[in-house]
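Asks: Starting off with a structure, shown below.
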């Protein structure tokens, strides 16, 4: 039935009316390619004869995803080097550091600089994109040379394309150099893995790095997927999720994740990272790191990174640092090994200091474990002793940093620093952690309580001896008072010298006698009685005695006394 509806639908009229026959026109493959090239922007102004000459011996080549077509540094020559045109898909252009410079899409040509002799070697690598395969049209160098000899005016179009791309690449490289110097190198220098490395090594690593921008809610990486890079947050905020979906914490600019993947120790993601805002992430690939280390002129750098990888494997086998704590953790525990994989080893010689990290660090809170040796926790400025740390001690670094203290080694020490995010990711992802996790939490709570008490006491002592805002005023007042006292002393001395000094009175010897035992006995014997007091009162109430006249010749002081009334009373009585 559908076979009858076809002609009706096609003609729109009576089925008896037949359409006139159409003559079949055969178009060969070369003519189809010529028409296709003529429709491309790169050849719209080209003469048809020139396009047909290019198609002589032209070949179509198919490239799978990521397959390389041109290699940077390959020798070029006019008449021998081919020119390529993209027929389908798109190609990726990379520089020597494998940094993407741009893309070549359908209808664009590439390799024109070497094909027409403007450069002696390929300046970039071109490969098929990873998203889809590509089909290219290969134009042989000899054919291109003959076509340009026949039509020399067509050379200008190809040269313009080459110089325009070179100018864009140079501008890109200039902007990239500024980006590397102002963004990438400072960011690498602030990480725990690359902090303290020479600038030459940092620039070598940064030369091939790229950043990627993620939108709100977009997954940066998924737990369990293959990994070959360390992620460094340049801008924004991301959230860390454990394998079971538990949200651990959020980290921001300067934070890193997946260092073990960059070190080629563990090639899988241990957690899911999801952006909670517009986020820029820098990927530090293992290839970029290994190439920079391999080409570094410093033997110390190569030995340091080699030793770092060896120590990570060693601490995983021993289960350090968790097995050093008195929480009964086992070295064969998967969770213990997962924590050991992420732990940073710190070795101290006597006198060296371990500065604790703040809880506000980009990677979040940290805790430390002293595995070997003896160290002292002391203040940074006054070096005031807080407490002694021995093997098996837990160190809450955020608390120690809050009170401005550090750990100073007394004997050779071996310690480990663990990020709380990595620790919790391992705990929530591994059921075996339940056997010792609660003992660890109890130890952590007790350690924090003890250290808080000690640190508060030390802070009180320190603040008591510190310079106070009113100390200057008090000191100034004290100086003025001392000057006033000294001035008063001088004035008093001058006045005393001006006045004649009275002779000193001799001390009576009676005092010494009366204070002696005989003197005290004498005072007791001569003490007045009640009768003596009455007689003395009568004496004071008697009339005044007449005194001897002025013309008396007697010298007896007692002879002049007369008691006329008393004598008269005696006579009357008699």
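Each row is one residue, and each column tells you yes or no for (1) touching a strand residue (DSSP E or B) at 6+ places or on another chain (Cβ under 6 Å); (2) over 24 Å from residue 84 (Cα atoms); (3) buried (at least 19 other Cβ atoms within 10 Å of the Cβ).
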site: 125; (1), (2), (3): yes, no, yes
site: 152; (1), (2), (3): no, no, no
site: 156; (1), (2), (3): no, no, no
site: 170; (1), (2), (3): no, no, no
site: 175; (1), (2), (3): no, yes, no
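Yes/no per residue for (1) surrounded by 15 or more Cβ atoms within 10 Å (Cβ to Cβ); (2) under 16 Å from residue 139 (Cα atoms); (3) in contact (Cβ under 8 Å) with a residue 40 or more places away in the chain:
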{"position": "49", "(1), (2), (3)": "no, yes, yes"}
{"position": "74", "(1), (2), (3)": "no, no, yes"}
{"position": "85", "(1), (2), (3)": "yes, yes, yes"}
{"position": "98", "(1), (2), (3)": "yes, no, yes"}
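Here is a yes/no grid of residues against (1) under 27 Å from the mean Cα position of the chain (by Cα); (2) not assigned by TED's automatic domain parsing to the domain that holds residue 403:
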{"site": "422", "(1), (2)": "yes, no"}
{"site": "425", "(1), (2)": "yes, no"}
{"site": "435", "(1), (2)": "no, no"}
{"site": "441", "(1), (2)": "yes, no"}
{"site": "445", "(1), (2)": "yes, no"}
{"site": "451", "(1), (2)": "yes, no"}
{"site": "456", "(1), (2)": "yes, no"}
{"site": "470", "(1), (2)": "no, yes"}
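Asks: Among the numbered conditions (1) over 25 Å from the mean Cα position of the chain (by Cα); (2) loosely packed, with under 14 Cβ neighbours inside 10 Å; (3) under 30 Å from residue 201 (Cα atoms), tell me where residue 296 comes up short.
Replies: It is condition (2) that residue 296 fails.
Asks: Tell me the strands (runs of 3 or more DSSP E) entirely within region 166-272 that contain at least 2 residues that are under 30 Å from residue 103 (Cα atoms) and out of contact with any helix residue (DSSP H, G or I) (no Cβ under 8 Å at 6 or more places or on another chain).
Replies: In region 166-272, the matching strands (runs of 3 or more DSSP E) lie at 210-214, 219-221, 229-235.
Residue-wise test of (1) under 24 Å from the mean Cα position of the chain (by Cα); (2) crowded, with 18+ Cβ neighbours inside 10 Å; (3) part of a loop (DSSP other than H, G, I, E, B).
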position: 300; (1), (2), (3): no, no, no
position: 317; (1), (2), (3): no, no, no
position: 331; (1), (2), (3): no, no, yes
position: 340; (1), (2), (3): yes, yes, no
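Asks: Is it the case, given these coordinates, that residue 315 is at pLDDT 95 or above and under 30 Å from residue 460 (Cα atoms)?
Replies: no
Asks: Continuing with the same structure: May I ask you to verify whether residue 280 is over 22 Å from the mean Cα position of the chain (by Cα) and either surrounded by fewer than 21 Cβ atoms within 10 Å (Cβ to Cβ) or under 21 Å from residue 312 (Cβ atoms) (or both)?
Replies: no
Asks: Any idea which residue in region 364-378 is farthest from residue 440 (Cα to Cα), counting only those that are in contact with a helix residue (DSSP H, G or I) (Cβ under 7 Å, 6 or more places away or on another chain) and assigned to a loop (DSSP other than H, G, I, E, B)?
Replies: 364
The values are calculated or read from the model by the stated rules, or taken from the named source; none is laboratory data. Keep in mind that what you see is a predicted model, and the values were worked out from it rather than measured. So basically every Cβ, Gly included, is an ideal-geometry build from the backbone, and we count neighbours across all protein chains shown.
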